[in-house]
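The values are calculated or read from the model by the stated rules, or taken from the named source; none is laboratory data. This is a predicted model, so every value here is computed, not measured. Cβ placement follows ideal geometry from the backbone for every residue including glycine, while neighbour counts extend to all protein chains displayed. Only protein heavy atoms, including side chains, enter the accessible area calculation; ligands, DNA and RNA are left aside. Shrake-Rupley method; radii C 1.70, N 1.55, O 1.52, S 1.80 Å.
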Protein chains: 4
Amino acid sequence: MSLSMFNDCLYGRLRQQAGQHWHDYVSHTFVQQLAAGTLPHAAFQRYLTQDYLFLLHFARAYALLVSKLHTLPEMRAATTSLNAIVSELPLHLTYCAQWGLSESDIVNDAEAPETLNYTRYVLDIGHSGDALDLLAALMPCVAGYAEIGLGLLNNPATVMRNNPYAAWIQNYGDESYLAGVQASLTLFENIARQRGGESRFDALANIFTTATRLESAFWQMGLNAGNTSNALISACSR
Amino acid sequence: MSLSMFNDCLYGRLRQQAGQHWHDYVSHTFVQQLAAGTLPHAAFQRYLTQDYLFLLHFARAYALLVSKLHTLPEMRAATTSLNAIVSELPLHLTYCAQWGLSESDIVNDAEAPETLNYTRYVLDIGHSGDALDLLAALMPCVAGYAEIGLGLLNNPATVMRNNPYAAWIQNYGDESYLAGVQASLTLFENIARQRGGESRFDALANIFTTATRLESAFWQMGLNAGNTSNALISACSR
Amino acid sequence: MSLSMFNDCLYGRLRQQAGQHWHDYVSHTFVQQLAAGTLPHAAFQRYLTQDYLFLLHFARAYALLVSKLHTLPEMRAATTSLNAIVSELPLHLTYCAQWGLSESDIVNDAEAPETLNYTRYVLDIGHSGDALDLLAALMPCVAGYAEIGLGLLNNPATVMRNNPYAAWIQNYGDESYLAGVQASLTLFENIARQRGGESRFDALANIFTTATRLESAFWQMGLNAGNTSNALISACSR
Amino acid sequence: MSLSMFNDCLYGRLRQQAGQHWHDYVSHTFVQQLAAGTLPHAAFQRYLTQDYLFLLHFARAYALLVSKLHTLPEMRAATTSLNAIVSELPLHLTYCAQWGLSESDIVNDAEAPETLNYTRYVLDIGHSGDALDLLAALMPCVAGYAEIGLGLLNNPATVMRNNPYAAWIQNYGDESYLAGVQASLTLFENIARQRGGESRFDALANIFTTATRLESAFWQMGLNAGNTSNALISACSR
């Protein structure tokens, strides 16, 4: 399965328009180190914790999307995405526990500026615009993670044996995750047919690219935690 | 099972404050004729069609509620209610088909003023207020239907044999429906503990009573369709 | 001055698409009786009272519009309309006082279903859609009143001498009111250029026509109050 | 005139609860250097540019507040604040021009993460909560600037002669600015009486303190630009 069928659609055009920003996101150093299994644990832990807080607000954004739709098939599609996030969150906590992060550690952690920035930007786009604007802000996360997961799984250079991040990679390259992404992309293209038009392309591309850059900043936040931690460790070991 | 445990809580106080308006709603002539099996078919068909359109917007209101919450347990509770409505809607269509109403009849029917009034009032309360205001606007429908369903089932005067509305009565007196209602009431009381206070009681009672009156108007809309239809039929048969 | 310059723009197309519904609104019996000075006082009083409550929520809708815009010139244009309503409301009360309606009569009057229906519909369109959807829901009131006011002033059949409604007619045909309308239409066309497109025309026409029909229902609510009152008076005088 | 009359009210309690965070904000190094006239020009320019973008979204938040209110006196109070910002923005551009910043420089500058963080946080609080939550998020900016302006003007240590920032200090200590702040605080306390209560205090304090911290981060963003610029200048001059 691939997401290539969406290349000719609005999603494909927005992804292309994001250009280098899209490339920076899907092949971020964080992702490369995940694939090689060399990412510092502290970086991954920081990412996991903030990703939980991110997903809470991302679920709120999908709920907002449901409230902006008016037909049952569209509402069901968006509700399915909302459910996927809401039911994933407890699994996320289980996975976090394997990384030594307790539920209270996570829930009580302060939101990083990168988390707040990204989620509240998406919510504001949703409130100030329509369902198409909101979906354009949601797609970089939804479809980008599938591209990253699939890309890593299909890349022979990806280390899967003894890679502590192998389960993460499997998860985002998984058929069931991809089916959910495809459903979201289908909803996006449906809404684009109803509400799109060339006059809106630049503004939608601006939203899509901004969300893409906020994704890169989110990876970088994780990476920085690894660096700081390394720096502290190396400082201690001198 | 009963809903009596909520009598001392905010729900119980609001229900009491609604007084005669609450009584008018839960023992509306429409309900009495349902219980007796004497409701004109045209009245029920009108009700069923508009109830589908109502539920679409009611689901949007629950989605809005999810977007206004900030913790996973609260979001899950509200999402469960949203799911209950969204998954019930196709069953609703199946049930409508038994009453001779096709999906396209229903989806293409214009919203009655009573439907538009009620649903947009609830949505506006949600947008202009907080989660507690919104829940106060949602509760008369959610908990009132359970009270009606349970009340009819427990009333020996209710006709269940050869009553074309027996399935409707069973549905709203059903354990699974009641469990959902109880979960909604629990969420309501939780949010009330966080955000309530005596200063807000009058405004919340105003919202609750307004929604209660809009419920009565909704029954009346159904009833009027029956009367019109009867009038037409009796006019024809002269 | 005329609004004819907007005929080729989106507003002109939407107005044309509304067809008979538009005609019913701008030449409603209520309007004809205003022009002839024959409208029952009770009808006008009912209209005035509900129009105050309507304008409160209409101002909220313009405020929502401001919150959905992102550039200063657009925000200023919408804020100007908001200000026009908010500063007009005390004048509205002064005018009402001349018709024997005190501020507390008005503020404490229950919203008529027609008022609730119309205003909450507009607000919901604003929350679920974008600035263009919201403006399409606002235009029938804004531009329709100018068309009515200008039309009555320019029509030699309109009675201006000894017509108790002459001040009302003057007000909506006034240059300063028209300048505000023109500014709103200009904002609408600007947003249409940015966010419009043929794919959206049917949905926008549906919004515009719905709001137009809700305007007619609003006139009718006033008219009905006149009839009821007349009926009561004639019943008493028998 | 002072703002001390609000010490016993909710505002005073929230300000006290913010504790060290409030102190850090109102006596930030940026403010101290403004008072001494020693702030690097580049820091002030960065601040001015981002403050324009900040104010655009802050105006959107006040517009959202208007849309969440339901009585004319409250709506007028909030609209007055909205107008103050919207009419100040062109003056802001004139002032910026004196600092060598053209309108297009400013309008086209990318929002700093600190600007995006702060404004979208406030907007999200407004959408997910009620008018009281939103006002709690708005007050640190509104009332804090008055406290800073008044504090600097009343402090004999403040350099007013030959201080390039004297006009800025005058502006925020000015009677007309303070009157606006007082009106906002009065609205806040009114809404607090209607919708407040001890159960909400912790959550409101959390919002108020978060916004206070985002204010400090905003000053720091300006300061950092000064440091970077100095570093670059000193690097160039080596």
Looking only at the range B:180-197, filter to residues that are open to solvent by less than 50 Å² (accessible area, probe 1.4 Å) and facing chain D (nearest Cβ under 9 Å); which one of those is farthest from B:HIS21 (Cα to Cα)?
B:ARG195
How about the range D:198-209: which of its residues are in contact with a helix residue (DSSP H, G or I) (Cβ under 7 Å, 6 or more places away or on another chain) and open to solvent by less than 40 Å² (accessible area, probe 1.4 Å)?
D:ARG200, D:LEU204, D:ALA205, D:ILE207, D:PHE208, D:THR209
So which residues in the range A:88-109 are surrounded by fewer than 12 Cβ atoms within 10 Å (Cβ to Cβ) and over 18 Å from A:ALA166 (Cβ atoms), if there are any at all?
A:SER102, A:SER104, A:ASN108
Yes/no for C:ALA59 being open to solvent by 20 Å² or more (accessible area, probe 1.4 Å) and out of contact with any strand residue (DSSP E or B) (no Cβ under 6 Å at 6 or more places or on another chain)
no
Qualifying positions in the range B:114-128 - of a type in the set (Phe, Trp, Tyr) and within 8 Å of another protein chain (Cβ to nearest Cβ):
B:TYR121
Kindly check whether there is at least one residue in the range C:199-212 that is at pLDDT 95 or above, charged (D, E, K, R) and not in a loop (DSSP other than H, G, I, E, B).
yes
One residue is enough: does the range C:10-21 have a residue meeting the conditions open to solvent by 10 Å² or more (accessible area, probe 1.4 Å) and under 30 Å from D:LEU56 (Cα atoms)?
yes
Output for Cβ contacts, cut-off 9 Å, separation at least six or different chains, first residue touching a residue at least 60 places away in the same chain (Cβ under 8 Å) and closer than 21 Å to A:ARG46 by Cα in the range A:82-99, second open to solvent by 30 Å² or more (accessible area, probe 1.4 Å) and in a helix (DSSP H, G or I), reads A:TYR95/A:ALA167; A:TYR95/A:ASN171
Over the range A:111-120, the set of residues buried (at least 22 other Cβ atoms within 10 Å of the Cβ) and either of a type in the set (D, E, K, R) or out of contact with any Phe, Trp or Tyr (no Cβ under 8 Å at 6 or more places or on another chain) (or both) is A:GLU114, A:ASN117, A:ARG120
Pair list, Cβ < 9 Å and 6+ apart or interchain, from the range D:136-161 residues that are farther than 21 Å from D:GLY126 by Cβ and open to solvent by less than 10 Å² (accessible area, probe 1.4 Å) to residues that are among the hydroxyl-bearing types (Ser, Thr, Tyr) and at pLDDT below 95:
D:ALA146/D:TYR172; D:ALA146/D:TYR177; D:ILE148/D:TYR172; D:GLY149/D:TYR172; D:GLY149/D:TYR177
Among residues of the range B:22-36 being of a type in the set (Ser, Thr, Tyr) and within 14 Å of B:CYS141 (Cα to Cα), the residue least open to solvent (accessible area, probe 1.4 Å) is B:TYR25
Conditions first: (1) crowded, with 23+ Cβ neighbours inside 10 Å; (2) assigned to a helix (DSSP H, G or I); (3) aliphatic (A, V, I, L, M). B:LEU39 passes all but one, so which condition is the exception?
(2)
Within the range B:71-78, does at least one residue satisfy the condition of being within 30 Å of A:GLU74 (Cβ to Cβ), buried (at least 23 other Cβ atoms within 10 Å of the Cβ), within 18 Å of the chain's Cα centre (by Cα) and at pLDDT 95 or above?
yes
Just to be sure, is C:GLY222 over 30 Å from B:HIS127 (Cβ atoms) and away from chain A (no Cβ under 13 Å)?
no
Filter result (at pLDDT below 95 and hydrophobic (A, V, I, L, M, F, W, C)) within the range B:1-30:
B:MET1, B:LEU3, B:MET5, B:PHE6, B:CYS9
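Listed here are the residues, each with its yes/no results for (1) closer than 24 Å to D:SER176 by Cβ; (2) in contact with a Phe, Trp or Tyr (Cβ under 8 Å, 6 or more places away or on another chain).
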site: D:SER27; (1), (2): no, no
site: D:GLN33; (1), (2): no, no
site: D:LEU48; (1), (2): yes, yes
site: D:TYR52; (1), (2): yes, no
site: D:ALA78; (1), (2): yes, yes
Answer with yes or no whether B:TYR11 is assigned to a helix (DSSP H, G or I), within 16 Å of the chain's Cα centre (by Cα) and closer than 23 Å to B:THR209 by Cβ.
yes
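Listed here are the residues, each with its yes/no results for (1) part of a helix (DSSP H, G or I); (2) more than 9 Å from every other protein chain (Cβ to nearest Cβ); (3) not charged (D, E, K, R).
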{"site": "D:ASP51", "(1), (2), (3)": "yes, yes, no"}
{"site": "D:ALA59", "(1), (2), (3)": "yes, no, yes"}
{"site": "D:TYR62", "(1), (2), (3)": "yes, no, yes"}
{"site": "D:HIS70", "(1), (2), (3)": "no, no, yes"}
